[in-house]
Amino acid sequence: MQTLEHNVAQQLRVFGFARIEQAAAGVIDDLTRAFDRVIEPPAGDVPDERVTKFDVHTEMPELALVTESEWARTVCRTFFERQFQNVTSDANLLVGDSYWHSDGFYHTPFLRFVLYLDATADDAGALRFIAGSHRADNGWLGDPTRHVIRHHQDLGLDGSDIPGVVVESRPGDVIVFDTNVLHSAWHGGVRRQLAFNCVGEPVTEAERRDTRLYFLNRYVSGSVPIG
Ligand SMILES: O=C(O)CCC(=O)C(=O)O
């Protein structure tokens with residue numbers, strides 16, 4: 001019988017994303033308290049601006065409850081099939097839409113683990129994905145990706161009408177995705193998100209270059225594009 005981690009690794013390879021239901025249920029209260037300590041909850045009206053704290057594991061040691069958990073490490077070990085490392089972590093107070101994007105297109109896969117501390121739904125900021133769009137061998141590097149990103153001009157569709165897979169989340173769920181995969185979130189209010197990214201130990205020069213670039217891009221372009 002396949003283990004949960006094998007199933008998740010397989011979904012990540014084929015579709016580019018997976019939800020691990022309630023994987024962090026036992027630590028969600030600790031994480032929520034820690035988040036509110038690091039990014040103060042907004043008082044009153046919905047804030048206009050998103051807030052991101054990079055390298056949040058330094059201020060929030062509680063994140064290790066997830067990054068060092070046996071299940072997260074097993075998912076990474078099974079997916080990368082070699083040594084791996086956590087390269088970045090961030091806490092985000094997200095507001096509004098996140099337009100269709102991938103977190104860069106790399107030949108080296110990077111995994112992003114995200115936890116929403118507030119429930120998300122189809123009509124309330126849930127992440128959605130275009131299944132298989134992380135795979136250059138599916139031809140997604142060219143026109144298909146451009147059409148999704150230019151959905152208004154090229155297809156006459158609103159972002160939320162692009163036929164993606166909506167992955168709703170309740171506190172305790174963890175969503176993992178290959179950062180190449182096209183993803184977005186629509187109709188969202190304020191949502192608290194914790195995230196960290198992992199990469200297999202780079203072996204080739206191309207992998208080392210990708211890893212350096214990926215790391216830089218996250219800091220230069222910010223965490224999450226806003227729609
Ligand atoms: O939840 C969102 O608004 C988008 C999240 C996202 O794009 C990310 O974490 O990379």
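The values are calculated or read from the model by the stated rules, or taken from the named source; none is laboratory data. Computed from a predicted structure; not experimentally measured. Note: ideal-geometry Cβ built from the backbone for every residue, glycine included; neighbour counts use all protein chains shown. Note: accessible area is taken over every heavy atom of the protein model, side chains too, but ligands, DNA and RNA are not part of it. Shrake-Rupley method; radii C 1.70, N 1.55, O 1.52, S 1.80 Å.
Largest accessible area first, the residues 29, 210 order themselves as 29, 210 under a 1.4 Å probe with ligands, DNA and RNA left out.
All Cα-Cα distances of the range 111-196, cut into 5 Å bins from zero to the largest, leave 3, 14, 23, 23, 19, 12, 6, 0 percent in each bin in turn. Of the trypsin sites (Lys or Arg not before Pro) found in the range 57-133, the ones in coil according to DSSP and having at most 15 other Cβ atoms within 10 Å of their Cβ are 82. Could you give the accessible area per residue of the chain, probe 1.4 Å, as a whole number in Å²? Accessible area per residue, the chain: 47 Å².
Computed on the range 4-220, with alpha-carbon pairs under 8 angstrom and 6+ residues apart, the relative contact order is 35 percent. Counting only protein heavy atoms and using a 1.4 Å probe, the accessible area of residue 71 comes to about 50 Å². Using the rule -39500 (n - 2.57) for each DSSP H run of four or more residues, divided by the residues of the chain, the 222 nm mean residue ellipticity is -8000 deg cm²/dmol.
Within the accessible surface of the chain, defined with a 1.4 Å probe on protein heavy atoms only, the carbon and sulfur portion equals 52 percent. Here the average projected area of the convex hull drawn through the C-alpha atoms of the range 4-220 stands at 11.8 nm².
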